[in-house]
Structures are given as C-alpha cells and as structure tokens.
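Here the structure comes first, spelled out in structure tokens, and everything after it is commentary.
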Amino acid sequence: MMECRSLSLAGVTVCVSSPDLARFFDACGGFGCFCTSDATPHWVVRYGQPVAPWNDATLLSEFHFLENQSRCCFLRSGDSYQFAMYSDVGNQLLVCLQYRWGASVVDISSCDDVPAWRFSLWFACSLLGLQADATFVHSSAVVWQGQTVLFLGESGTGKSTHTRLWLQTIEGCQLLNDDSPFLRLVDGVPIVYGSPWSGKSPVFSPRHFPLKAVVRLSQASHNAIRRLSVVESFGALQPSLPPALMQDDGIRTADSGSGMNAADLLIEMISQTLTAVPVYHLQCLPDDDAARLCFATLFGTSQTPMHSARKEMF
Amino acid sequence: MKINPKFKVRRVADEDIVLVQGRNPGDMTTVIALNETSLFLWHNLEGRDFEQHDVAELLLQRFEVDDDRAHKDAQAWILQLKENGILI
C-alpha cells in the first residue's frame with residue numbers, strides 16, 4: 001500500500017511516497033525526527049513508479065556501493081538524469097531513479113532492498129537540493145555555541161574519532177551529524193542542517209546552525225593546524241561534495257539539454273562557502289590536544305571550556 | 001595547439017581557477033590557479049589555434065619584456081598547460 005510522509009530537509013518540505021514507507025523508515029532509522037505536518041511540499045519523491053533503465057544515455061559516473069554490494073550508475077540524457085543500482089551478484093536491478101532538471105518531482109521504481117531505498121532517497125535529495133543551493137557534504141558536523149564546524153576527510157582518516165574528542169574535551173559541544181549533513185547557502189550565508197543520513201554515530205537532528213569553519217583532517221605523528229589558501233580550500237572541500245554529481249560538468253553532455261549542469265551549481269556553492277568561512281588543514285594524533293588546538297584556532301579562545309572531569313586532570 | 005574546450009576558467013572566491021577532474025570517484029581533482037598573466041593569455045588564446053610565438057607576441061604587447069624573456073615565459077606557460085593535459 002502506498003504511504004506518504006512529509007520530511008523537513010535542509011529547510012525544505014519533501015513528501016516521500018512509497019509502498020511500505022513505515023517499514024523502510026523503521027529499518028533505516030533517523031527519519032522520524034525529520035517528519036513534519038507541513039502539507040504543502042516543495043519537492044516530491046515517489047517510489048513505485050514505472051521507471052526503466054536507459055540503454056543509450058551518457059554515463060556520468062559509475063561506482064561501487066559497499067553497504068549492499070552493488071554497482072551504481074549515474075546517467076544523463078538531455079535534461080534528465082537516471083540513477084540505477086544493480087546487485088553485484090546476478091546484476092539484478094535494485095532501484096532506478098529518474099529526474100528531469102528543474103522539476104520538483106523525482107520518480108523511483110519499486111524497491112525492496114533497504115540500503116538501496118535509503119541511498120536512492122539520499123540521491124534524490126542530492127539532485128533536488130541543487131535547486132535550493134543545498135548539498136550534502138561528507139563530513140562530521142559539530143556544534144559549539146550555535147556555530148557548526150565541518151570535519152572532512154576520506155573514510156578512515158578519523159573524522160568520527162576527532163569529533164568524539166571534541167565531544168569529550170570541549171564543554172557544550174554537540175554532534176549534529178556524523179556522515180552527511182546538508183550545507184545550504186542562504187543569501188550567501190552557509191548553514192549546516194542535520195539529516196537522516198548519519199554514520200558511525202547515529203545522530204539524527206533536524207536542527208541547523210551557521211557554519212563557522214571547515215577542517216580537513218589527516219592523520220599524522222604530531223598536531224598542527226594551518227589555514228588554507230583559496231585554491232587549497234577548494235581542493236579540500238570539493239571531494240566531499242557528491243562526487244557523482246560533480247561529474248555532471250557539462251563536458252560530455254555539452255550538446256544536450258539546456259546546458260545546465262550540477263557541477264557548476266556545486267562549485268558556486270563552494271565559492272560562496274569559501275568567501276564566508278575559513279578552511280583549515282589539521283594534521284593530528286587521536287588525542288585531546290588535537291581537539292584543543294583545533295578549537296582554540298577556530299574560536300580564538302585561549303581557554304578551552306573543558307569538561308569539568310577533564311579540568312581536574314590538568 | 002589549442003586549449004581543450006572542455007576546460008573552463010571558473011571564478012571561485014576571487015580566484016581564477018581551472019579544474020581538472022578525474023573521471024572516477026576517488027580520483028584526484030587538480031586545481032590550477034591562474035595569475036593575472038596566465039588569465040590574460042587564456043582569454044586571448046581560448047578557442048584559437050596557436051603556437052609558441054603567438055603566446056610570446058601577446059606577452060610582448062602587454063608587458064615590458066624583451067623578446068628572449070617573452071619566448072621563455074611562453075614556453076614555460078605552454079609546458080605547464082601540457083603537463084596538466086589542458087592543450088590538444
């Protein structure tokens with residue numbers, strides 16, 4: 001039976017309709033606190049639609065999705081996109097999504113696989129977000145005194161570890177999201193929104209706060225932090241935006257459609273972000289000193305507001 | 001030679017950059033920053049077939065440099081673009 005719920009994502013109301021919606025929400029976790037009673041959605045995502053994979057479109061990106069061992073294809077034909085997931089074993093179509101540039105509706109096929117359902121909804125929101133100057137950023141988002149810090153890094157570089165050190169070391173610090181928060185430019189001001197897609201720490205918060213700074217992490221044998229130049233900052237931030245969408249740069253599809261492309265919009269969002277906030281590179285050990293050094297650099301306070309239990313130690 | 005039309009100069013936070021994206025997720029993206037001279041050359045040569053002497057000629061017209069210096073700078077500029085796969 002088709003069920004429908006409205007979610008508030010990045011400040012926009014998204015109506016999701018799907019067979020077995022409640023079952024998917026339960027299985028995914030995290031969606032409950034984003035539900036809203038707003039009955040006038042800006043965007044609609046509809047599962048159970050007759051969407052069949054294209055055979056002759058331009059392949060923008062192909063990648064492997066570990067969670068359910070599948071192959072993902074992102075394609076463009078004229079002004080329309082498709083995103084399809086196929087199982088590694090048996091090459092079975094798990095889900096197929098279709099979206100026309102500028103539309104407020106994303107159509108998705110029927111889907112029985114929970115990870116495919118969850119990821120296709122993420123992908124739908126990535127595409128729709130372009131219209132609202134909003135993008136997911138692969139990062140951990142930490143909030144202190146109403147301002148967000150985004151920690152970036154490839155998987156395994158210690159985003160979650162460093163975030164945990166902030167929560168343990170710095171009083172009043174909260175985790176907003178541990179994997180995929182939204183970054184939205186509102187009149188040129190970067191705002192970070194929690195999302196139902198979080199990572200190792202399943203923190204689901206619908207709240208939003210302005211962005212204070214971005215920190216790219218790398219593991220090192222010492223702690224050191226440096227503010228990056230504009231070009232370095234671009235290089236630090238760009239890989240953390242949806243890589244498949246970044247491949248839609250109008251190069252291979254120059255003759256098709258309106259000429260609009262996702263990369264131009266994402267790059268404009270990066271540009272506005274870099275104009276508004278600093279980006280740092282933190283080389284760090286997994287220790288409290290790394291969190292304190294980073295905090296003091298970003299917030300300019302010589303006295304780290306440490307948790308009382310920790311204060312006694314020094 | 002020619003600047004590959006798939007590359008374009010983008011204005012990002014008051015810098016002029018050219019992005020050289022990898023084709024696969026996980027590939028490195030190279031970000032090339034253009035200084036004022038490089039941007040001048042790019043805008044004047046974009047879409048045209050050109051040789052080293054055309055680049056040197058532009059430098060001589062725009063800047064107070066001697067012939068030898070203009071050719072050396074032209075050669076260096078072309079080499080940098082070639083190394084990043086920007087020329088065809």
Each residue of the range A:146-152 in turn: what ³J(HN,Hα) in whole Hz from Karplus with 6.51, -1.76, 1.60 and θ = phi - 60°, glycine and Pro shown as x? x, 10, 9, 10, 9, 9, 10
Counting only trypsin sites (Lys or Arg not before Pro) that sit in a DSSP loop (anything but H, G, I, E, B) with at most 14 other Cβ atoms within 10 Å, what is the longest stretch of chain A containing none of them? A:1-199
About its Cα centre, what dipole magnitude does the range A:136-311 give when the only charges are +1 on Lys and Arg Cβ and -1 on Asp and Glu Cβ, stated in debye to the nearest 20? 620 debye
As a check on your grasp of the helix formula, calculate [θ] at 222 nm for the protein assembly as shown: sum -39500 (n - 2.57) over DSSP H runs of n ≥ 4, divide by the residue count, round to the nearest 500. -8500 deg cm²/dmol
So how strong a dipole does the protein assembly as shown carry about its Cα centre when Lys and Arg Cβ are +1 and Asp and Glu Cβ are -1, to the nearest 20 debye? 960 debye
So what are the ³J(HN,Hα) numbers for the range A:181-187, from phi and the Karplus equation (6.51, -1.76, 1.60; θ = phi - 60°), rounded to whole Hz, Gly and Pro as x? x, 8, 10, 10, 8, 10, 6
Against the 2.2 N^0.38 Å rule of thumb, the C-alpha Rg of chain B sits at a ratio of 1.13
So what is the relative contact order for chain A, in percent, with contacts set as C-alpha pairs under 8 Å and at least six apart? 16 percent
Given +1 on the Cβ of Lys and Arg, -1 on the Cβ of Asp and Glu, and no further charges, what dipole in debye does the range A:1-151 carry about its Cα centre, rounded to the nearest 20? 160 debye
D_trans [Stokes-Einstein, Kirkwood Rh over alpha-carbon pairs] for the range A:2-132, 25 °C, 0.890 mPa s, µm² s⁻¹: 164 µm²/s
Calculate the translational D of the range A:136-311 in whole µm² s⁻¹ from Stokes-Einstein, where the hydrodynamic radius comes from the Kirkwood formula applied to all Cα pairs, the temperature is 10 °C and the viscosity 1.306 mPa s. 95 µm²/s
Hey, what do the phi angles of the range A:40-56 turn into as Karplus ³J(HN,Hα) couplings, whole Hz, using 6.51/-1.76/1.60 and θ = phi - 60°, x for Gly and Pro? 10, x, 6, 10, 10, 10, 10, 7, x, 9, x, 9, 10, x, 6, 10, 10
For chain A, return all DSSP H helices satisfying: extent of Cα atoms along own axis at least 30 Å; mean Kyte-Doolittle hydropathy at least 0.0. none
Just to confirm the number: angle between the C-alpha axis of helix B:36-45 and the first principal axis of chain B, 0 to 90 degrees, nearest 10? 90 degrees
Would you compute, for the Cα atoms of the range A:38-107, the largest minus smallest coordinate along each principal axis and list the three values in descending order, in whole Å? 41, 28, 20
If amide hydrogens are placed 1.01 Å from N in the peptide plane, which non-local residues have theirs closer than 5 Å to the one on A:TYR280? A:VAL214, A:VAL215, A:ARG216, A:LEU228
Which whole number in µm²/s is D for the protein assembly as shown by Stokes-Einstein, with the Kirkwood Rh taken over Cα pairs at 4 °C and 1.567 mPa s? 56 µm²/s
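Readers should treat all values here as calculations from the given coordinates under stated rules, not as data from a laboratory. Nothing here was measured: the structure is a model prediction, and the numbers come from that model. As a convention, Cβ positions derive from the backbone with ideal geometry for all residues, glycine included, and neighbour counts pool all protein chains shown.
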